[in-house]
Amino acid sequence: MSDIEKIHCLIIGSGPAGYTAAIYAARANMHPVMYTGMQPGGQLTTTTDVENFPGYPDGVDGNAMMMDLKIQSERVGAEVRFGTASKVEFDKDGGTHKVWIDEEKEIHAETVIISTGATAKYLGLDNEQKILANGGGVSACAVCDGFFYKGKETIIVGAGDSACEEALYLANLCPTVHMLVRKPEGGMRASKIMVDRVIAKDNIKVYWSTETVDVLGDGVVTGAKVRNNVTGEEQDIAADGFFVAIGHVPNTGFLDGQITTDADGYITTELSSTRTNVSGVFACGDVQDRIYRQAVTAAGTGCMSALDAERYLSEKLSTVEVA
Ligand code: NDP
């Protein structure tokens, strides 16, 4: 039997965007209910130290920061629950939106804030995954973790705009950045200006037609074994950090096409707001941001989404009262 609950504000996803939305929505008396998803706290719980979030002079452990955000959200009145949104039925005319949690519980919400984030892609190699789980030097975010490799050798995989941006970022910290590109020379997917910058940078060494056989190291990165996919030749590259920049997947599958997204699945929001194409449904954080992808920018759009939802709700309630 379906269990139905009626609420003003539902927040789906529990990264910095979702928690910031929860804090603002709770303080605006919207009684928000958040469902955390399978990975409460989101991507930051897979990082060790977060040193670039303002307000933490000594840095902060990613898990500890997300726990603080949860405590802060609950202290101001948000209800945080474990569960995953499995299906939605949005009312295109801005009525009540239905969301199912774990295919069982049915929530009827006046406003919905989607903050389900994006998942970084990894190569899926055995030792890459082991070291990633161990926090031993595999990362998908150079801006987050590059600083820990200052003065050390690093490897980066990928050839899109993200990989180029991250390689250039690392090149300002590391003596050599070894960039592994699986296509032959000239085959980088990134925009020409980014490719030109990478090629012009003395300490980025590009390995064309090169794929990773696996990351090397026992719990901690010591390098990577790579193979030239034209000649079949293998070699080991020594390094302390292994960065993967082969794209992200926004977590929007459960929306089943009911919200407008771009070709890659990122939710499209109206300029300078977090409004989606459905009235009463808002999106914040990495699920709608393919450019910045930072905890602090996610928190900023989380705040915006709660303010947008609060304005929407007060206009809607005043219209209902007048009618
Ligand atoms: P992209 O999808 O553009 O590029 C992914 C890259 O990873 C490709 O070069 C691809 O290689 C490579 N790759 C994928 N799988 C593997 C694998 N298994 N092994 C090795 N290499 C692999 O992702 P990005 O994250 O770079 O960019 C996503 C979008 O965001 C793009 O539209 C980009 O322009 C945009 N963006 C814009 C920025 C800006 O404007 N400042 C900054 C960052 C991103 P291959 O080409 O061989 O398939």
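Bear in mind that the values in this text are calculations on the coordinates, not laboratory data. Small disclaimer: the values here were computed from a predicted structure and weren't measured. Here Cβ is always computed from backbone atoms with ideal geometry, including for glycine, and neighbour counts include all displayed protein chains.
If Lys and Arg each add +1 and Asp and Glu each add -1, what is the summed charge of the other residues whose beta carbon sits under 9 Å from the beta carbon of Ala159?
+3
Among Glu211, Glu166, rank each residue by its count of other Cβ atoms within 10 Å, from fewest to most, as a rough exposure measure.
Ranking Glu211, Glu166 by Cβ neighbours within 10 Å, fewest first, gives Glu211, Glu166.
Within the set of other residues whose C-beta is less than 12 Å from the C-beta of Ala64, count the net charge using Lys and Arg as +1 and Asp and Glu as -1.
It works out to a net charge of -3.
Calculate for the chain the 222 nm mean residue ellipticity that helices alone would give, adding -39,500 (n - 2.57) per DSSP H run of length 4 or more and normalising by residue count, nearest 500 deg cm²/dmol.
-8500 deg cm²/dmol
Take the eigenvalues of the Cα gyration tensor for segment 1-152, scale each by 5, and report the square roots as semi-axes in whole Å, largest first.
Equivalent ellipsoid semi-axes, largest first: 33, 19, 12 Å.
Does segment 1-85 come out rounded, prolate or oblate, given a ≥ b ≥ c as the square roots of the eigenvalues of its C-alpha gyration tensor, rounded meaning a/c under 1.5 and, failing that, prolate meaning a/b above b/c?
Because a/c hits 1.5 or more and a/b fails to exceed b/c, segment 1-85 counts as oblate.
So which trypsin sites (Lys or Arg not before Pro) in segment 76-159 pass both tests, a DSSP loop state and at most 14 other Cβ atoms within 10 Å of the Cβ?
Lys92, Lys121, Lys150
For a quick check, take a GNM of the chain with Cα springs below 10 Å and name the residue from Asp202, Asp61, Asp308 with the largest mean-square fluctuation.
Its mean-square fluctuation being the largest, the pick is Asp202.
Just to be sure I understand: with springs between alpha-carbon atoms less than 10 Å apart, which residue in Asp102, Asp145, Asp161 has the highest mean-square fluctuation in the Gaussian network model of the chain?
Answer for the Gaussian network model of the chain: Asp102.
From Cα pairs below 8 angstrom and at least 6 apart in sequence, can you work out the relative contact order of segment 130-220, rounded to a whole percent?
31 percent
From Cα pairs below 8 angstrom and at least 6 apart in sequence, can you work out the relative contact order of segment 203-293, rounded to a whole percent?
16 percent
Write out the GluC sites (Glu not before Pro) in segment 227-283 meeting two conditions: DSSP loop, and at most 16 other Cβ atoms within 10 Å of their Cβ.
Taking segment 227-283 and a limit of 16 other Cβ atoms within 10 Å, the loop GluC sites (Glu not before Pro) found are Glu233, Glu270.
Please count, across segment 182-315, the pairs of lysine residues with Cα atoms under 17 Å apart that sit 8 or more places apart or on different chains.
Value for segment 182-315: 4.
Less than 19 Å apart at the alpha-carbon level, and either on another chain or at least 8 residues along: which aspartates and glutamates does that give for Lys105?
Excluding near neighbours in sequence, the set is Asp3, Glu5, Glu79, Glu89, Asp91, Asp256.
Can you compute the label reach from Glu185? Point 7 Å from Cα along the Cβ direction, backbone N cut-off under 15 Å, restricted to segment 194-214.
Label zone hits: 199-200, 205-210.
Pick from Asp91, Asp262, Asp286 the residue whose mean-square fluctuation is largest in a GNM of the chain, springs joining Cα atoms under 10 Å.
Result for the chain, Cα springs under 10 Å: Asp262 fluctuates most.
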